[in-house]
Each structure stands twice: as C-alpha cells, then as structure tokens.
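The values are calculated or read from the model by the stated rules, or taken from the named source; none is laboratory data. Note that the structure is predicted; figures quoted are calculated from it, not measured. Note: ideal-geometry Cβ built from the backbone for every residue, glycine included; neighbour counts use all protein chains shown. Heads up: the accessible areas ignore ligands, DNA and RNA and are worked out on the full protein's heavy atoms, side chains in. Shrake-Rupley method; radii C 1.70, N 1.55, O 1.52, S 1.80 Å.
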Amino acid sequence: MTASTRPAVALTVARSFLGTPYRHQGSRRGIGCDCLGLVRGVWRELYGSEPEAPGPYRTDWAVRGGPDRLMEAARRHLVAVEAAGMLPGDVLLFRWRDGAPASHCGIADADGRVIHAYEGAAVVSSPLPHAWSARIAGVFRFPE
C-alpha cells in the first residue's frame, strides 16, 4: 500500500463504522465505540493489532488537565502531516481550549466533513465548521 492509498483505505474503514453506537472506551464496529475507539478500530483493520493499550480513562480525563496523552500517542504511532496536506482518511485531533490537552479525535471525511463518535449518539459524518477546524491540534496519517 502506498502513502497515497493509505488514507483512502483508512477512510473506507472509518465509513464502515458509521452508525456504530457511542460507547465510552469501546472500539468495535457495530457494537460501540468512542472517538479514540474509532481510531483504534480503524488501526486494527489496517494492521491487525494495536500498538499499545490505552488503559482505562474517564469521560472527563482531558478536562482534568494533565499530560496531552492523545497527542503523545498520535506522535508515537501515526505520521504527522501539515494541515494544508490533510487528506480524507487522516486522523484529526481537537483541542477545545488553548493550553488544554487534545480531547477529541476523528477521521477526515470528504467534502469538508469529519467522521467521529458523537457522545450519546453514534459514529457520524458531520460537517467540519470553522469553529471545529480552528480547534484542530494535529493532523496525522496512518503509517505504511
């Protein structure tokens, strides 16, 4: 698989999660996942096993401050790309407040949309409005 096809394959896998119910700490297509679980599930489809277990986490883990665990994990296992080079299928990390840890993630969809687990609902493809795109803290690509 080439660098140009990896995002396309990741996007196809992410779209297969659409409609999966929201479940905190879940990562199973059709059964339940949260935002990190969506990325974990796509990873497993691409590579077979996860590079590390995230361990338990509370729903308010990022609100409590502390280390930027989501960003640190993305830097360890994904390939950082410039926002201008973002492709559908890339992983997006969101930071809702300046200085706070990144606390939400999704996968870039086509036509200015993002696939993410919507708390209390399901995995959806939502428009990526300016209020959200201004809060993108990092763009990453699944590695070869």
- Task: Quickly work out the Ser133-to-Arg76 label distance, labels modelled 7 Å from Cα along the C-beta direction, and quote it in nm with one decimal.
- Result: 3.2 nm
- Query: What residue among Tyr47, Gly30, Ala102 has its Cα farthest toward the positive end of the dipole of the chain, where the charges are +1 on Lys, Arg and -1 on Asp, Glu, each on the Cβ?
  - Reply: Gly30
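What is the range 10-85's relative contact order, in percent, from Cα pairs under 8 angstrom and six or more apart in sequence?
This gives 18 percent for the range 10-85.
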- Please find, in a Gaussian network model of the chain (springs between Cα atoms separated by less than 10 Å), the residue of Pro21, Pro67, Pro101 whose mean-square fluctuation is greatest. Pro67
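From largest accessible area down, sort Glu144, Glu82; use a 1.4 Å probe on the protein chains. Let's see the in-between values first.
On the way: Glu144 115, Glu82 145 Å².
So, going from the largest accessible area down, we get Glu82, Glu144.
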- Item | Relative contact order (%) - criterion: Cα under 8 Å, at least six apart; region: the chain | 31 percent
- Message: Can you give me the accessible area per residue for the chain, using a 1.4 Å probe, in Å²?
- Response: 52 Å²
- Item | Glu144/Tyr118 FRET efficiency (R0 30 Å; Cβ-Cβ; nearest 0.05) | 0.50
- Query: Highest GNM mean-square fluctuation, the chain, Cα pairs closer than 10 Å: which of Arg69, Arg40, Arg29?
  - Reply: Arg69
- Extension gain, Gln25 back to Asp60 (0.36 nm per residue minus Cα-Cα distance, nm): 11.4 nm
- With springs only between Cα atoms under 10 Å, which of His104, His130, His77 fluctuates most in a Gaussian network model of the chain? His130
